[in-house]
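I'd like to ask some things about the structure below.
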Amino acid sequence: MKIDNSLPLEYSTEENRLKILGFWIFLAAEIALFATLFATYFAYQGRTGNGPGTEIFEITPVLINTFALLTSSFTIGLAVNAMRLGNKKAMLTFLGLTLALGLVFLGVEIKEFFTFVHEGATIQTSGYLSILFSTLGTHGAHVSLGFFWGLFIIIQVSKYGLTPHTANKAFIFSLYWHFLDVVWIFIFSFVYLKGMM
Amino acid sequence: MEFFERFAVPHPSFAIYASMVGIALTSLAIVVGLTYFKKWGYLWREWITTVDHKRIGIMYILAALIMLLRGLVDAVMLRAQLAIPDNTILDSQHYNEVFSAHGVIMIMFMAMPFLFGLMNIVTPLQIGARDVAFPRLNAISFWLFFMGAMLFNIAFVVGGAPDAGWTSYFPLASEEFSPSVGTNYYMMSLQLSGLGTLMTGINFLTTIFRMRAPGLKLMQLPMFTWAMLVTNVLIIAVFPLFAVALAFGAMDRMFGTQFFTIGNGGMDMMWANLFWVWGHPEVYILILPAFGIYSEIISTFARRNLYGYKSMVASMVAITILSLVVWAHHFYTMGQGVLANSIFSIATMAIAVPTGIKIFNWLATLRKGKIEFTTPMLWSLAFIPTFLIGGVTGVMLAMASADFQYHNTMFLVAHFHYTIIPGVVYAFIAGLIYWWPKMFGFMLNEKIGKVSFWLVAIFFNVTFFPMFITGLDGQARRMYTYSEETGFGPLNLIASIGAIGLALGFIVLAYNIYWSTRYMPRNIGSDPWNARSLEWSIPSPVPVYNFATLPHVKSSQAFWDAKTKGHNLFPDKVEEIHMPNNSGVPFIMCVIFFIGAFSLIFDMIPLAIASLIGVFACMAYRSFEANHDHGYHIHVKEIEETEERLRGANK
Amino acid sequence: MKMKWTLLALIFAVATALTGCENPLAVFDPKGPQAATLSDTIILTIWIMLAICVVVTVAFIYMLVKYRASKQSKDYEPPHIEGSAVVETIWTAIPIIIVAFLSVVTVVSLKDVEATPKGYENKEPLVIYASSSNWKWHFSYPEENIETVNYVYVPTDRPLEFKLYSYGPISSFWIPQLGGQKYAMADMVTTLHLLADEPGEMWGRNSNFSGKGSAHQLFDVQAVSPAEFEEWVEEAKAKSEPLTEEKFDELLKTEHVGRQTFTGTHLEFSPAPEGSHNMDDMENKEDMEDMEDMNHDMDHK
């Protein structure tokens, strides 16, 4: 394995560079996935049948979630920065913080789902609610998966240290996490804000 | 007992029982055979756990050929039923199951793996790479496809086959109108193989972008690799969308969501929209690689460089873009109004322009050439006039007003078979014969090959041309019977006779593979066709590391220029080569995927959740394993010995 | 090469058969102006396509005959030609011109068939609701107040407006000799403009696969003079039973039936899903108002 020391650790081998490009292409596919969900969401707006519509939204949990996820995007940026400086401890701390914020997000979202269901808005109620739950749920599932992925990276970095391999993983994970944040901004604007206006 | 009742076939017949016995006996024979010849270890070590793109490619093609056989049997059954008016070979339910299976299998489980097989084998060799970017992901792609295909194929003996057509339009495909688990099979098996397809797309795009040989620029890629590039871009653009559509459909059926229901805010036509936003690019995902194959073969056997390289690339890119904005031409009759239909008509007809450019460029490549009629060339040449008919009828269908009279008729059936068989199937067969020596180190017999070619080329027209006429006379597609007074009888009989000839042609092709494997000579050299691109510069069959040293490329037909102008393609010294380890994890993970999908189909949620955890466990295992799995190295001495042996035998 | 000539001959034979009058194909045997427009459009395009096929195939055969290896000297080395901007532009332009022409043809003919036929604009159209159910067609004449199953009578020389919808899977309503087809769907009503300009019997069908029985979802179309049509309506009214809700529900459940005639239409108790989206919206508004009321109530308490 040839290691090019002039580049950051996560880019230092050919394999690592391939993985980063591959992941960008994967993110392109993810964009296509969420674009489909959003397009479908717009098509189903107002198709509420006999069920409730956007009036089920509440602003407080959404703001908490937005805050949690935006902050976590910042902390993971700090984690990558710490990684580039070779500061393993700081990196792990920021990664841990990121995951904690992710957990807050998930907790609030799950509670929000329970409230919806309590108000008689389930995934089976109407076309609109089916796509609403699917869009939010797909994003939420991504965050959940990201949580476990991040956990494994924390374990591996603490176990094996900052190697080209672990650095590469952590960097790719940060791309993923930023992407989820961007998707959330779209959900926040086009689902929640638009719905509550 | 109640638990097992769900696995019973709801509408059994003698043919289905016979298939059950057949499947059981074949499986038994395979198990006994493998045990008797002590091949389990070989199968596991050399094939199931392989991450070598060439072996994965061969497995794809093998699966595709088996699925071709299955699809062909379905087709013959359909034609047998329609041969005469008021026929009773198949009843309505079975006819519906068979034509649904024919469509899904031919497109998703025959054409797609065939494409991936050739893509896997040829692309890395044409760009001078040692493997693909992510060899293990490649194995996962294959096994996901394979499990999807197997899942779809057991449907008709376990629980019931899908019967709503390959398009599976809602509300027909909903729980209410298709209560058997058949459509669940459709949703889950396509989801699995679609996931594999998406991974392949990511893998090969990364490979083509980053693993090209020193000096090989994008605008010097062989046309086949260019076709792969645009194909994979299309895959990444539309397969996520298909995954979403399939998930919606599955959730509607399994969890009672309201996406495509009638009432409660559901929109049945949303499925048609989502399906075709994926489905139309999908047919270009099939045809663009075919265009690439034809470009390679026509240029090789016209003994000339490809005419108009730049406009060939530009036209492929144009087709790629246009293919994304024409989906509504599949339902002009939905009543979306004059304006929308006009726009989609014009966009659709516009595809004729880049396609026309390609046809003219191929003709110009033939001009001033020195044309040799080898079998791959025959298939490629037959493509031009036959596909032309498919193309011009496509333009006719693109005209929304006239389409009101063609839609849902045999005219449409004739049209898409005229595009997809000469366009895709001929190409894949041509590609298979052309690259066969590279895969296996011997050639396929030319004489037998020509017999199968002429059978297919002639009887294809006998089968499908009459359908244009019966379509214009009002014969609707997908109808299991028609009455005597419609007058469709004689032409349908001709079509059915043609189908027998067509099937015969494919059987001769299979026989050719058998015969050639046994009797064709093995010392064919590395370049039996006197071809032009890099894959012909290395030994046949290709050693595991592909290139002993990486080639240095200066033009779009590097190997040809090396031969004629005396460039040295391989100036480097042999060095140690790093290779990835084989792994059983992809296979095991995909088996778990299979179990999960199967349990969802039959609403066994706990098992589905357990499978999901199993899949994640496999991923977690890999995540840790990767820290100390560094692959292995092939030493210089070993490489030199291998090269000496392979090249020496060729002298 | 024999194959290509056989193919060409076949195409010519077919073209002659298509345009010949002996036993014309349904699409080329129009009984009304819409179908005639489509028939003319299709025949025009067939000739254009045939011309394209002939030109390309001749060029193709020329290349194969002239440049095959067996005809050339052994040491002939084919030249390296990159391409030519001029030539490639020419063969980009030719398809563009053809496509442009066909686009105009499409838009013009599309406008024609998607509206009341020309020359009949000031005649009052006959509205018929045609609804599909597993696997029958129901024809409701709201004005005449009668309903038929699996057959339809229409007067000649009067514009027909078929309002299409479905009780279940998507069906496609098609009478090839009167005009093109259109989908009948469950949650909206589509309109198909037809006209018969000569009396006669024709067939119509659901051409869209919609399940087990769709092969048999056919109906008869009888075009008669306006006077005869009036007579038929009177007779139907006099002789048929009224269509009750129970009877209609029972009918919906039956898979296949023969011709039937009723007085009254099912539209009265089972209206077509016309503008149902608007109704949805209205319901929403009501719901929302209710909700708001509830909120107010809660505030007060």
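Return the average number of partner chain Cβ atoms within 10 angstrom of each residue Cβ along peptide B:623-635.
Counting other chains' Cβ atoms within 10 Å and averaging over B:623-635 gives 2.
To the nearest µm²/s, what D does Stokes-Einstein give for the range B:296-438 at 20 °C and 1.002 mPa s, using the Kirkwood radius over alpha carbon pairs as Rh?
130
Measuring from label point to label point, each 7 Å out along Cα→Cβ, what is the residue C:250 to residue B:621 span in nm?
Here the modelled spin labels are 6.4 nm apart.
Taking 7 Å along the Cα-to-C-beta vector as the label spot, tell me the residue A:70-residue C:230 distance in nanometres, rounded to one decimal.
7.6
Follow-up. For the protein assembly as shown, give the magnitude of the charge dipole about the Cα centre (Cβ charges: +1 Lys/Arg, -1 Asp/Glu; no others), in debye to the nearest 20.
Using only the charged Cβ atoms, the result is roughly 7220 debye.
Next up: For the range B:292-343, state the semi-axes of the equivalent ellipsoid (square roots of 5 times the eigenvalues of the alpha-carbon gyration tensor), sorted largest first and rounded to whole angstrom.
37, 11, 7
If you place +1 on the Cβ of every Lys and Arg, -1 on the Cβ of every Asp and Glu, and leave all else neutral, what size is the dipole of the range C:78-187 about its Cα centre, to the nearest 20 Debye?
Magnitude of the dipole: close to 160 debye.
Using mean Cβ contacts within 10 Å as the protection proxy, how do A:168-175, B:572-579, B:402-409 order, highest first?
By packing density, highest mean first, the sequence is B:402-409, A:168-175, B:572-579.
Quick one: buried accessible area between B and A, total over both chains, 1.4 angstrom probe, nearest 100 Å²? Intermediate results must be reported in sequence, preceding the final value.
Details: alone 26810 and 10070 Å², together 33810 Å².
What B and A bury together is about 3100 Å².
Under a point-charge model restricted to the Cβ atoms of Lys and Arg (+1) and Asp and Glu (-1), what is the dipole moment magnitude of the range B:508-641 relative to its Cα centre, in debye to the nearest 20?
Values: 9 positive and 12 negative charges, 99 e Å.
Using Cβ point charges on Lys, Arg, Asp and Glu, the range B:508-641 gives about 480 debye.
Ignoring ligands, DNA and RNA, please state the percent of accessible area on the range B:450-517 from carbon and sulfur, probe 1.4 Å.
The value for the range B:450-517 is 76 percent carbon and sulfur by accessible area.
So if R0 is 60 Å, what FRET efficiency would residue B:500 and residue A:43 give, r being the distance between their Cβ atoms, rounded to the nearest 0.05?
0.80
Compute and list, largest first, the equivalent-ellipsoid semi-axes of the range B:481-604 from the alpha carbon gyration tensor, each √(5λ) rounded to a whole angstrom.
46, 31, 16
Determine, for each peptide in C:169-181, B:558-570, C:129-141, B:73-85, the mean count of other beta carbons within 10 angstrom over its residues, then list the peptides with the highest first.
C:169-181, C:129-141, B:73-85, B:558-570
Restricting to lysines 8 or more places apart or on different chains, can you count the pairs in the range C:126-270 with Cα atoms under 26 Å from each other?
Taking the range C:126-270 as the scope, the lysine pair count is 21.
Enter the buried accessible area of the C/B pair, total of both sides, probe 1.4 Å, in Å² rounded to the nearest 100.
The buried area between C and B, both sides summed, comes to about 7500 Å².
If you don't mind, another one. Of all alpha-carbon pairs in the range A:8-103, indicate the percentage at a distance above 21 angstrom.
Details: 2784 of 4560 pairs.
That fraction is 61 percent.
Kirkwood-based Rg over Rh for the protein assembly as shown (C-alpha set), two decimals?
0.98
Need one number: convex hull volume per residue for the range C:126-270, Cα atoms only, in Å³. Before the final figure, lay out the partial values.
Details: hull volume 13.6 nm³, N = 145.
So the per-residue hull volume is 94 Å³.
Follow-up. Residue by residue through B:128-140, how many Cβ atoms from other chains fall within 10 Å of the Cβ on average?
Whole-number average of other-chain Cβ neighbours for B:128-140 is 1.
Roughly speaking, to the nearest percent, how much of the range B:1-289's 1.4 Å accessible area is carbon and sulfur?
Summing carbon and sulfur atoms, their accessible area is 73 percent of the total for the range B:1-289.
If you don't mind, there's one more thing I want to ask. Using the Cα atoms of the range B:1-289, I'd like the radius of gyration and the largest Cα-Cα distance, Dmax, both in angstrom.
For the range B:1-289, the Cα radius of gyration and maximum Cα-Cα distance read 20.5, 67 Å.
Taking the solvent-accessible surface of protein heavy atoms with a 1.4 Å probe, what is the per residue accessible area of chain B in Å²?
33
Using a 1.4 Å probe on the protein chains only, how many percent of the accessible area of the range C:126-270 belongs to carbon and sulfur?
Exposed carbon and sulfur together represent 46 percent of the surface.
Given B:53, B:146, A:171, which one lies farthest toward the positive end of the charge dipole of the protein assembly as shown, if we put +1 on the Cβ of every Lys and Arg and -1 on the Cβ of every Asp and Glu?
It is B:53.
Taking the range A:1-61, which trypsin sites (Lys or Arg not before Pro) meet the DSSP loop condition and have no more than 11 other C-beta atoms within 10 Å?
Numbers: sites: A:2, A:17, A:19, A:47; in loops: A:2, A:47.
Filter output for the range A:1-61: A:2.
Please list, or write none, the lysines whose alpha carbon is within less than 25 Å of the alpha carbon of residue B:217, excluding same-chain residues fewer than 8 places away.
Here the lysines satisfying the reach criterion relative to residue B:217 are A:2, A:19, B:54, B:310, B:358, B:438, B:554, B:563, B:565, B:573.
Projecting each Cα onto the charge dipole of the range B:1-289 (Lys/Arg +1, Asp/Glu -1 at the beta carbon, about the Cα centre), which of B:213, B:63, B:170 comes out farthest on the positive side?
It is B:213, whose Cα lies furthest towards the positive end.
What shape does the range A:65-192 have by the C-alpha gyration tensor, where a ≥ b ≥ c are the square roots of the eigenvalues, rounded means a/c under 1.5, and otherwise prolate means a/b greater than b/c and oblate the rest?
It is prolate, given that a/c is not under 1.5 and a/b is the larger ratio.
Give me log10 I(q)/I(0) at q = 0.13, 0.15, 0.22 Å⁻¹ for the range B:54-155, Debye formula, one equal scatterer per alpha-carbon, no solvent.
Evaluating at q = 0.13, 0.15, 0.22 Å⁻¹ gives log10 I(q)/I(0) of -0.54, -0.65, -1.05.
A follow-up question, please. For chain B, what D do you get in µm² per second when you plug the Kirkwood radius from alpha-carbon pairs into Stokes-Einstein at 4 °C and 1.567 mPa s?
50
Another one. What is the average number of partner chain Cβ atoms found within 10 Å of a Cβ in B:197-206? Each step should come with its number before you reach the end.
Numbers: counts 0, 4, 3, 0, 4, 9, 3, 1, 5, 10.
Whole-number average of other-chain Cβ neighbours for B:197-206 is 4.
Considering only DSSP beta bridges whose two residues both sit in the protein assembly as shown, what percent are antiparallel, to the nearest 5?
For the protein assembly as shown, the DSSP antiparallel bridge percentage is about 65.
Label point 7 Å out from residue C:75 along Cα-to-Cβ: which residues of the range B:300-322 have amide N under 14 Å?
Answer for this model: none.
Among B:600, B:531, B:551, which residue has its Cα positioned farthest towards the positive end of the charge dipole of the range B:510-651, with +1 placed on the Cβ of Lys and Arg, -1 on the Cβ of Asp and Glu, and the dipole taken about the Cα centre?
After comparing all options, I get B:531.
I want to check a number: in the range A:87-197, how many lysine pairs have alpha carbons closer than 25 Å, given a sequence separation of 8 or more or different chains?
Final tally of qualifying lysine pairs is 6.
Which whole-number value in Å² is the accessible area per residue of the range A:27-143, probe 1.4 Å? Provide the component values of the computation, followed by the final result.
Values: 4640 Å² over 117 residues.
Per-residue value: 40 Å².
Right, next: Ignoring solvent entirely, what values of log10 I(q)/I(0) come out of the Debye formula for the range C:155-224 at 0.14, 0.22, 0.29 Å⁻¹ when each Cα is a single scatterer?
-0.43, -0.95, -1.32
The values are calculated or read from the model by the stated rules, or taken from the named source; none is laboratory data. A quick note: this is a predicted structure, and the numbers were derived from the prediction, not measured. A quick note on method: Cβ atoms are made from the backbone with ideal geometry, for glycine too, and the neighbour counts reach across all protein chains shown. Surface areas here come from the heavy atoms of the whole protein model, side chains and all, with no ligands, DNA or RNA. Shrake-Rupley method; radii C 1.70, N 1.55, O 1.52, S 1.80 Å.
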